[in-house]
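**Student:** Got a structure here, written out as C-alpha cells. Questions coming.
The values are calculated or read from the model by the stated rules, or taken from the named source; none is laboratory data. Computed from a predicted structure; not experimentally measured. With ideal geometry, Cβ positions are generated from the backbone for all residues, glycine too; neighbour counts draw on all protein chains shown.
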Amino acid sequence: MTEKEILMQVRNLSVMYKTKLGEVSAVDNVSFDIHKGEILGLVGESGCGKSTMGKALMRMIQPPGKITSGQIIVDGEDIMTYDQKQMRDFRGRKVSMIFQDPMTSLNPVQRVDEHIVEAIQVHESKTKTEEALSRAEGLIQRLGIRKNRMKSYPHQLSGGMRQRVMVGLGLVLNANLIIADEATTSLDVIVEAQLADELRDIRETFGVSLLVITHNIALVAELSDRLAVMYAGHIVEMGDVETVFDTPLHPYTKGLLKSIPNIKLDDTEKLYKMPGEPPNLTHPPTGCRFHPRCPYAMPICSKYEPYFKEVLPGRAVKCWLYIDHPEKESETIEVTA
Amino acid sequence: MDNLINDKNNNDYLVEVQNLIKWFPVQTTFIDQLFSKERDFVRAVDGVSFNIRRGEVLGLAGESGSGKTTIGRVTIGLEEKTKGNVIFDGIDLSTLSAEELRKLRRRMQVIFQDPLASLNPRMSLGDAIRQGLDIHYPETANNHRDMVLDIMEKVGLSPAKFFYNKFPHQISGGQRQRVVIARALVTQPDLILADEPIAMADVSVRALLLDLMVQLKDEFNLTYLFITHDLATAKYICDRIAILYLGKIVEISELTEVYAYPLHPYTRALLAAVPVPDPHDRRTEPMPKGEIPNPINPPPGCRFHPRCPYAQEICSQQEPFLRELRIGHEVACHFAEDFLTES
C-alpha cells in the first residue's frame, strides 16, 4: 500500500563517540527510509541521538565521533563509499541542512546575496555572478523576504528572516532533501508557525523531502506526514503521523504523547509523569534501552534487545510486546490496521 | 503563615505593580555624546500594572523582547525600576534601604531557566541549598543541615543524605532543577519568581517538575509569578495570565477565560500559533506577518498595529488602554468588542 518512491535508504547506521568516560553509542544500528516529497519528523529528547543522526546522513560527524557501520543509499549509490570530492558535491546538491542557530551558520561579514551566490558558484563554477544573483533574488522573494534585503548582513535580519535565508541556501542547488535540525526551536511561536507554513509550502512547490528533527512533538503533529520516535540511540517507533498519534505502540511513545502539554481547554487530561530520565549512553541499559522506565517491562526486556519489527506495512516498533520469543511469558500483541 | 482561602474574588494582594516602567539606556558612542545626540532607550517595560493575589499563580506570557523577564526582575527588586511602584505585602519597595531590601528577599525567591548556570559548580548541592539559610537565619545555624535534608526530600531528591554532598555535574538536569527549587524554598518565601523554570527540561521530565511546583505551592502556601513563552505549559499551572507585547500588557484575565475568549488580535494569533499535538487538528489560520519590532522605537498608537490584520486608522494614532470587557477580563484593543460578540 505504501508505494512511495524512496529517496534515501538508511541501513544499520551506527555512530559512536569516543569520550574519556567510554564509548557513547549515540546512534545504534538504525534503519529507515525517507520517501520522495515527504515531511518526516524525527523526534526525541535531548541526548537521544537525533542530531547525530541528522549529521550522519550527510557524513558530517566530526571526531571524536565516527560512523562505525551502515549504509546510506541515495539513487542506488551508497554514499559511505564516496570520496571527499563526491561528498562535497552530494552536500548541497542532494541533501542540505538547516541548523537551530542561523547566526552560527551564516557568515557575519557576508551579505545575503553573497551567501547564495557563493553557494551556487562553489557547486556550479561556470555560473556567472549575474545569473546566480537573479536566481538568488527569485528564490529569496519566494521565501517572503523583500528584494532590498539581499544586501543585508545577517545581524541586520530578524531571527525568522535569517532562518529563511538558510532555507534558501538549502534550496538554491535544488537539493532533494533538506534536513532541518531544530530549525524552528530558537524562534518565537508566531515566527515558528510562519516558518512551518513555509516549509510546507516549499515541499509543495519544490517537491523536496524534509527531515524535521525536533524535540517538539506538537510541531511534528502539525507538520509531518510520517514520524520516527527516537530513544537512547534507537528508532523505537515509526509510522504515519496520524496512526502513531492515534494508536502509539511503543510504551515510550505512549508516555511521551501523554506528557505533551495541549493548549486546547477541552483537553482536561493531566500530564503523564514519566518516571526517571533518559539514560546516559556511555552505559546504556541492557536489552531494551527503555526498560528501566517502562511500565510494561518484562524479564526479557532487560535481557535481550528487541529488533525493529514491521508490524504492519509502513508501521514499525522496537518492543518485545509485539515480538515473539521462546523466553517470553506473556502473549504477543497482534497489531491490526 | 497566612492561610487564606484562595477564591477568585479576594482582593488580598501579595504584590501590586503600578504603572511600572523600565527603560534601559542604549550605549552611545563618544561622537554621539560630543554632539549631545539624544539618548535612545530600550523600552523593555512601558507602563505595566497588575496585581498578584496571595496563593495564586500569575503567568506572564509573551515572545522574546516582550519584557516578561524584566517585569519579573523589577518586581522582586533585582533590577531598579525607571518609574512606577512595586508594593510587596503592603511595603513599597522603593522606600526600602539596600539592607532592608536584602532582608525582604528572604520572602521573594527566584527559579531561573538554566539550573546549571544557577548553581556554583564547586559547591555541593547541600551547601548550595543551605547558603540562603545561613545568610537569612544565622541564629539557627545548628539546625540548617537537617532543614536542608528535609527540603531535599520534599522536592524529590531522595535519599537526601546521598545527594547532599554531590555536585551539580553529577546529577541530571531534572534533579538540578529540583535543587534550584529546594534552594528557593528553604528560606520560606511567600513569592516565587519562576522565570521559564521548565523550558530547558525534556518533555518527559517537564510534567514531573510542573507537578512538583503545584504540589509545593499548596504545601508551602506559595504565590508564583510564572514567566513563560509556552502557552501550552502555562495552562497546567497558571490561574491567571497576562499576555505581553513589546513592554505592555495587551490582555489579562483568568487563564481559562483568556484561552476560551481571547479578545486581543495578538492573543488570538499567539494562541493559534501554538502547535497542537494532534495531527487531525492542524492549524488553518494564517499567521500575522513580520516579527516583534524593535523596542527602541516602538510603533505609535497600538504597538501591534503594523502586524494586526484588523488595524484601522485609529490604531496607529491612539494608544488603546486596558479596558474590562468581560468580568475580570481586561484587554487593550480599540476593536476588542468585535470579538466579544463573536464569542
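**Student:** State all residues of segment A:224-249 that are within 11 Å of chain B (Cβ to nearest Cβ) and closer than 20 Å to A:Ile323 by Cβ; if no residue qualifies, say none.
**Tutor:** Matches in segment A:224-249: A:Tyr231, A:Thr243, A:Val244.
**Student:** Okay, next question. Among the residues of segment B:238-250, is there at least one that is at negative phi and outside any strand (DSSP E or B)? Give the steps one after another, and end with the answer.
**Tutor:** Here is the first cut: in segment B:238-250, the ones at negative phi are B:238-245, B:248-250.
Right, trim to outside any strand (DSSP E or B) and you get B:238-239.
Taking every residue of segment B:238-250 in turn, at least one turns out to be at negative phi and outside any strand (DSSP E or B).
**Student:** Same structure again: Just need a number here: residues in segment A:286-337 that are out of contact with any Cys (no Cβ under 9 Å at 6 or more places or on another chain) and small (Gly, Ala, Ser).
**Tutor:** 4
**Student:** From B:Tyr310, B:Tyr236, B:Tyr245, B:Tyr266, grab the single residue that is in contact with a helix residue (DSSP H, G or I) (Cβ under 6 Å, 6 or more places away or on another chain), within 11 Å of another protein chain (Cβ to nearest Cβ), of a type outside the set (A, V, I, L, M) and farther than 28 Å from A:Thr253 by Cβ.
**Tutor:** Exactly one residue qualifies, and that residue is B:Tyr245.
**Student:** Moving on to the next point. Which numbered condition in (1) modelled with pLDDT under 90; (2) closer than 28 Å to B:Pro286 by Cβ is the only one that A:His283 fails?
**Tutor:** Among (1) modelled with pLDDT under 90; (2) closer than 28 Å to B:Pro286 by Cβ, A:His283 violates only (2).
**Student:** Give the residues of segment B:163-189 that are within 15 Å of B:Asp127 (Cβ to Cβ), more than 14 Å from chain A (Cβ to nearest Cβ), out of contact with any strand residue (DSSP E or B) (no Cβ under 9 Å at 6 or more places or on another chain) and not charged (D, E, K, R), sorted by residue number.
**Tutor:** Once the filter is applied, which keeps residues that are within 15 Å of B:Asp127 (Cβ to Cβ), more than 14 Å from chain A (Cβ to nearest Cβ), out of contact with any strand residue (DSSP E or B) (no Cβ under 9 Å at 6 or more places or on another chain) and not charged (D, E, K, R), segment B:163-189 yields B:Phe163, B:Tyr164, B:Asn165, B:Phe167, B:Pro168, B:Val179, B:Ala182.
**Student:** Would you be able to tell me the number of residues in segment A:182-197 that are modelled with pLDDT of 85 or more and more than 10 Å from chain B (Cβ to nearest Cβ)?
**Tutor:** Looking only at that region, the number is 2.
**Student:** Being more than 7 Å from every other protein chain (Cβ to nearest Cβ) and of a type in the set (Phe, Trp, Tyr) is the filter here; which residues of segment A:250-298 pass it?
**Tutor:** Listed by number, the residues that qualify are A:Tyr252, A:Phe290, A:Tyr296.
**Student:** Residue by residue through segment B:218-256, note down the ones that are modelled with pLDDT of 95 or more, acidic (Asp, Glu) and closer than 24 Å to A:Ser259 by Cα.
**Tutor:** B:Asp239, B:Glu254
**Student:** Hey, among the residues in segment B:248-263 that are of a type in the set (Val, Ile, Thr) and within 12 Å of another protein chain (Cβ to nearest Cβ), which one's farthest from B:Tyr310 (Cα to Cα)?
**Tutor:** Checked segment B:248-263; the qualifying residue farthest from B:Tyr310 (Cα to Cα) is B:Thr256.
**Student:** If a residue counts only when it is closer than 24 Å to B:Gln170 by Cβ, which strands (runs of 3 or more DSSP E) contained entirely in segment A:12-85 have at least 1 such residues?
**Tutor:** A:22-35
**Student:** Moving on. From the list A:Gln194, A:Gln121, pick out the single residue that is under 30 Å from B:Tyr245 (Cα atoms), of a type in the set (S, T, N, Q) and part of a helix (DSSP H, G or I).
**Tutor:** It is A:Gln194.
**Student:** Answer with yes or no whether B:Lys161 is assigned to a helix (DSSP H, G or I), basic (Lys, Arg) and surrounded by fewer than 16 Cβ atoms within 10 Å (Cβ to Cβ).
**Tutor:** Working: assigned to a helix (DSSP H, G or I): yes; basic (Lys, Arg): yes; surrounded by fewer than 16 Cβ atoms within 10 Å (Cβ to Cβ): yes.
So B:Lys161 passes the test.
**Student:** With the structure loaded, tell me whether A:Ile179 is out of contact with any Ser or Thr (no Cβ under 6 Å at 6 or more places or on another chain), at pLDDT below 90, surrounded by 19 or more Cβ atoms within 10 Å (Cβ to Cβ) and not in a helix (DSSP H, G or I) or whether it fails that test.
**Tutor:** no
**Student:** I need the full set of residues from segment A:204-223 which are more than 14 Å from every other protein chain (Cβ to nearest Cβ) and touching a strand residue (DSSP E or B) at 6+ places or on another chain (Cβ under 8 Å), in order please. Can you show your working first?
**Tutor:** To start, the set of residues in segment A:204-223 that are more than 14 Å from every other protein chain (Cβ to nearest Cβ) comprises A:204-211, A:213.
Passing the criteria: A:Val208, A:Ser209, A:Leu210, A:Leu211, A:Ile213.
**Student:** Does B:Lys22 satisfy the criteria of being at pLDDT 90 or above, farther than 24 Å from B:Ala234 by Cα and surrounded by 21 or more Cβ atoms within 10 Å (Cβ to Cβ)? Break it down stepwise before answering.
**Tutor:** Working: at pLDDT 90 or above: yes; farther than 24 Å from B:Ala234 by Cα: yes; surrounded by 21 or more Cβ atoms within 10 Å (Cβ to Cβ): yes.
So B:Lys22 fits the description; yes.
**Student:** Quick one: is B:Val17 of a type in the set (A, V, I, L, M), farther than 23 Å from B:Arg107 by Cα, in a strand (DSSP E or B) and in contact with a strand residue (DSSP E or B) (Cβ under 9 Å, 6 or more places away or on another chain)?
**Tutor:** no
**Student:** Same structure, new question: In segment B:132-161, which residues are more than 22 Å from B:Leu209 (Cβ to Cβ) and touching a residue at least 40 places away in the same chain (Cβ under 8 Å)?
**Tutor:** Within segment B:132-161, B:Leu133, B:His136, B:Tyr137 qualify.
**Student:** Here is a follow-up. Only one of (1) within 25 Å of B:Leu270 (Cβ to Cβ); (2) part of a loop (DSSP other than H, G, I, E, B) is not met by A:Asn174, so which one is it?
**Tutor:** The single condition A:Asn174 does not satisfy is (1).
**Student:** What number of residues within segment B:215-233 satisfy the criterion of being farther than 22 Å from B:Gly67 by Cβ and either touching a residue at least 60 places away in the same chain (Cβ under 8 Å) or more than 12 Å from every other protein chain (Cβ to nearest Cβ) (or both)?
**Tutor:** Selection size over segment B:215-233: 7.
**Student:** Return the total of residues in segment B:220-233 being crowded, with 23+ Cβ neighbours inside 10 Å and part of a helix (DSSP H, G or I).
**Tutor:** 2
**Student:** Right, something else. Please indicate, with yes or no, whether at least one residue in segment B:277-300 is of a type in the set (A, V, I, L, M, F, W, C), over 23 Å from the mean Cα position of the chain (by Cα) and part of a loop (DSSP other than H, G, I, E, B).
**Tutor:** Yes, there is a match, as at least one residue in segment B:277-300 is of a type in the set (A, V, I, L, M, F, W, C), over 23 Å from the mean Cα position of the chain (by Cα) and part of a loop (DSSP other than H, G, I, E, B).
**Student:** How many residues are in contact (Cβ under 8 Å) with a residue 24 or more places away in the chain and loosely packed, with under 14 Cβ neighbours inside 10 Å when one looks only at segment A:125-166?
**Tutor:** Qualifying residue count for the region: 2.
**Student:** Another question, if that's okay. May I ask you to list the residues in segment B:127-161 that are of a type in the set (Val, Ile, Thr) and at pLDDT below 90?
**Tutor:** Selection gives nothing.
**Student:** Considering only segment A:136-169, state which residues are closer than 18 Å to A:Val208 by Cα and of a type in the set (Lys, Arg).
**Tutor:** Within segment A:136-169, A:Arg142, A:Arg164 meet the criteria.
**Student:** Quick one: B:Arg102 ticks every box in (1) closer than 20 Å to B:Ala182 by Cβ; (2) in a helix (DSSP H, G or I) except a single one, so which number is it?
**Tutor:** (1)
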